[in-house]
Amino acid sequence: MSSSALNHEPQHTTPSPDGPAPHHPKMALAARIALLVLLTAELMDLLDQSVVLTALPAIQESTGAGPSALQWLTTGYSLPIAVGLTTGGRLGDLYGRRRILLLGTVVFTAASLLCGLAAGPHMLIGARMLQGVGVALMIPQVLATLHVTFDGESRSKAFGLYGAVLSIANVLGPVMGGLLTEADLFGLSWRPIFLVNVPVGLAVLLLGRKFIPESSVQNADRLDLTGMALSALAIVLIVFPLSEGHLHHWPLWCFALLGAGLLMLGVFLRHQQRKQDDAPLVPLSLFRNRQFSGGTAAQLMHGLLCGLFFMTWTLYLQQGLGMSPLHAALAFVLLSLGELAGAAIAAKSAGRFARRLPQTGTLITITATAGYGLQAAAGEGELTLLGMTAPVVLIGFGLGMVSGPLADLSLARVPHEDAGAASGLFNTAIHLGIALGTALTALVFFATTGGSPNAGLNREAFITVLWWVASLLALMWALMFCLPKQRNSPAN
């Protein structure tokens, strides 16, 4: 970690590589606390994506929210994130990553308080959208600060822990949502799932201001406001119909919006080409680095298969196998425990295996997914939680080996002055992938089931999904050849 970790005034420079030796006790303590704060900020975002799911019935009963309002409790959170991540990353590059991280934390914490105090569904949806704005400011700074602050073995360990946090959130989110809602603390029902963010957010603010080093582009130019508006409009026009289309049986206006979104994306890219020498929102030179472009494409595939798999898996467990919600939740815990084990292996390896580690994890997941598909086809409706333990844990184990190393290797050769923009793009890839994967369920899963709870149809549709997931994993594995063979080698 750089010497700026011990200097808490904004410097608006990239962190200096000079400073105390890594074994210096004060330096080690500052580095550990800074890493803890950054990962806690990431954890808050991930938890709030999933914690609301198990509380939805209580929210509906308490507020009188209809099906559309319940849908927007998740869409209203994710849409501002997808829209704002690239802009949030560039703001950190220009005005200081710690400063924008803390600003985002303030917005997120205040919005969480408003969620907990919401009197009706419309106020709750508005507060959830404000949470998403806070996340769009916070999250790009996490990866960017890890990228510019840590080097060598400590960097790989930091990214390994980042991958572990992703896995922990998968376990904690639904479980915490269910426990806090069931506990009905002080008669508040579901509200503590949001109110718990307030003390955590305050801790991030206090410790982040003291221990996270400031970094930014040395000679910061003005923000590309036109590019910001064009990118936001393009993403809204693409993500909104993908989120809403399946609810309305894919009417013509969905395809019209998608076409307009793709057109607007082209306008945005043309604008960025013209701005490359004048403070662009997205430095297109990033995509000339195939380590970054290939890694970001792999991250898009990662989001795509997650969006397709997790929604359909829930339906398969409950409607195809007749499991209770509790047993279905236990299946998710099994997968997440596998992820934790895989992430622990990735963190311990400290980058020594470069692309071989995430590629091995992907191959394990492909094998386990194929095995799960064969097991589901042979067992039909007799498959039990115990019977599926091995393939489910192995799927999680393989995915756990991917997240941290993929982020580390994709961003490894990004110039420090573009770290925020690159982090924003990398995070945007997985959010767009999840939206596309969710939309793909209409073609791959619901085309077979027709929305019917029939067990046989749900099992048949899910087996088809597994072969799609295996194909996407194979494509992700191939894209990882853009990553380096060795930790410090050029991409080849």
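The values are calculated or read from the model by the stated rules, or taken from the named source; none is laboratory data. Just so it is clear, the model here is predicted, and its values are computed rather than measured. Neighbour counts are summed over all protein chains in view; Cβ atoms, including those assigned to glycine, are modelled from backbone coordinates with ideal geometry. Note: areas computed on protein heavy atoms with side chains; ligands, DNA, RNA excluded. Shrake-Rupley method; radii C 1.70, N 1.55, O 1.52, S 1.80 Å.
Structural remarks
- In segment 26-160, a dipole from Cβ-located charges (positive for Lys and Arg, negative for Asp and Glu) runs towards its positive end, and of GLY152, LEU101, ALA127 it is GLY152 whose Cα lies farthest in that direction.
- Counting only Cβ charges, +1 for Lys and Arg and -1 for Asp and Glu, the dipole size of segment 184-300 around its Cα centre is about 220 debye.
- Over the C-alpha trace of segment 34-106, radius of gyration and Dmax come out as 15.4, 45 angstrom.
- Packing, as the average of other Cβ atoms within 10 Å across residues, places the peptides 271-282, 143-154, 416-427 in the order 416-427, 143-154, 271-282, highest first.
- The label point for LEU117 and the one for ALA442, both projected 7 Å from the Cα toward the Cβ, are 3.9 nm apart.
- Surface analysis of segment 197-319 yields an accessible area of 47 Å² per residue, using protein heavy atoms and a 1.4 Å probe.
- Cα lying deepest toward the dipole's positive end in the chain, options ILE235, LEU385, LEU225, charges on Cβ: LEU225
- Put simply, the amide H of MET323, placed in the peptide plane, has neighbours under 5 Å in GLN318, leaving out anything fewer than 5 places away on its chain.
- Packing, taken as the mean count of other beta carbons within 10 Å per residue, orders the peptides 352-359, 155-162 from highest to lowest as 155-162, 352-359.
- In terms of its alpha-carbon gyration tensor, segment 212-354 comes out oblate; a/c meets the 1.5 threshold, while b/c is at least as large as a/b.
- Estimated FRET transfer efficiency (ALA455, PHE186; beta-carbon r; R0 30 Å; 0.05): 0.15
- Zero-based 5 Å bins, Cα pair distances in segment 332-380, whole percents: 5, 18, 21, 23, 15, 10, 5, 3, 1
- Cα convex hull of segment 141-269 - mean projected area over all directions, nm²: 13.1 nm²
- Ordering of 249-258, 94-103 by burial proxy (mean other Cβ atoms within 10 Å per residue, highest first): 94-103, 249-258
- Kyte-Doolittle mean at least 1.6 and Cα axial length at least 15 Å: DSSP H helices in the chain: 225-244, 389-400
- Measuring nothing but protein heavy atoms, the accessible surface of the chain at 1.4 Å probe radius is 68 percent carbon and sulfur.
- Here is the tail figure for the chain: Cα pairs spaced more than 31 Å apart come to 42 percent of all pairs.
- Entry note, the chain: the mean residue ellipticity at 222 nm calculated from DSSP H runs of n ≥ 4, each adding -39500 (n - 2.57), is -25000 deg cm²/dmol after division by the residues and rounding to the nearest 500.
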